[in-house]
1. Eigenvalues of the Cα gyration tensor times 5, then square-rooted: what semi-axes does that give for region 129-286, in whole angstrom, largest first?
2. In terms of modelled amide H atoms, which long-range or inter-chain residues lie less than 5 Å from the amide H of residue 111?
3. Only counting other Cβ atoms within 10 Å, I'd like 27, 178, 315, 85 sorted with the fewest neighbours first.
4. Rank the residues 112, 195, 182 as a footprinting-exposure proxy: fewest other Cβ atoms within 10 Å of their Cβ go first.
5. Along Cα→Cβ, 7 Å out, is where each label goes; now give me the distance between the ones at residue 185 and residue 312 in nm to one decimal.
6. Among DSSP bridges having both ends in the chain, what percentage is antiparallel? Round to the nearest 5.
7. If amide H atoms are built 1.01 Å from N in the plane of the peptide, which residues on other chains or at least 5 residues away come under 5 Å of the amide H of residue 87?
8. Anything over 20 Å Cα to Cα? Flag those among 13/87; 12/223; 12/281; 34/256; 235/257, in the order listed.
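No lab work stands behind these numbers, since they all come straight from the coordinates. Please read these numbers as outputs of a predicted model, since none were measured by experiment. When we count neighbours, we look across all protein chains shown, and the Cβ atoms used for this are built from the backbone with ideal geometry, even at glycine.
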Amino acid sequence: MANIELNLALYKKLYLIRRSEELICQHYFDDEMKTPMHMSMGGEAISVGVCHALTDDDQVYGTYRSHAAYLAKTGDTDNFFAEMHGKVTSLQKGKSGSMHLAAPESGLMVTSAIVGTSVPVAVGAAFAQQQQGKENLVVAFFGDGATDTGVFWESLNVACLMRLPVLFICEDNNLAVHSSKSARNGYKSILDIVSKFECNVFSSESTDVESIYNLILDVISKKKESQIPCFVHLKYYRYLEHVGTSMDFDSSYRSKKEFQEWQKKDPVDLQEKKLFALGQKREVRNVETDLDVQIQRSFDWARSAPFPTANELYHDVYA
């Protein structure tokens, strides 16, 4: 039997991320948001499915494509849009921009602009959890491009060797900026290689958020049962350019036809249709209306908020 409450909660997070990014796209060229944007459109089901399965105390370490993970873990649009606009009212006081979001009180520990760099930090955090006798999980999000880095393999090896409480979540869009895996990898399957390590390996090509959520529940259960790390390989399609708010299908590296095939299974549309089939159309529209109000209010508040003063540069500096 379908869990209506669960599916509404999942849709709420999907819609929050999609509408927030659509608003960024709508206003980015007003030139009030100075930070580069790496958008999450197309991959929202991964962040939502994973984060919804976690507890508030579980920790998440993300990438420069940070919006979905941040909003899925926190639901906080006030801080999100304040930081997009570089305002002092954000938690980071306008100093982090889109690529270095953090909300430790909600378990979103940090996101990083450099490929692969959050993975070893997550492994270190998992070691700390283990040493302190805590049972919280640590999640490392990274793209398939990060698996080309040495630090990924070193981190995976150490985590397996020390049996650390970490989930490696590979968000595979087949691209490292514009380079496909066929142009980068001297092997056919990342799963074949990772499966040789002492870890549990899972994979899915689904864009259905409930399916991913249920998979992650299984992953967590397996992690607790086996006491070894888990590697989860999840496919998606990046709708927009590597950085920016546009779709470019006049390029040599992907086609409009490919996008159209993936768009047929758009995660937000899939979840909306599922809820309509469950007789929840009015509830869906109420969720959308409430979130539209929240997002616009946060965006307007961010635009009117003050910028940090020059003295703010000397605060929160540890050296």
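1. Computed over region 129-286, the values are 30, 24, 12 Å.
2. Placed amide hydrogens put 62, 101 under 5 Å from residue 111.
3. Numbers: 27 16, 178 13, 315 9, 85 22.
Going from sparsest to densest Cβ surroundings: 315, 178, 27, 85.
4. Exposure proxy ranking, most exposed first: 182, 195, 112.
5. Result: 4.1 nm between the two label points.
6. Approximately 10 percent, going by the DSSP bridge assignments.
7. 94
8. Table pairs above 20 Å Cα-Cα are 13/87; 12/223; 34/256.
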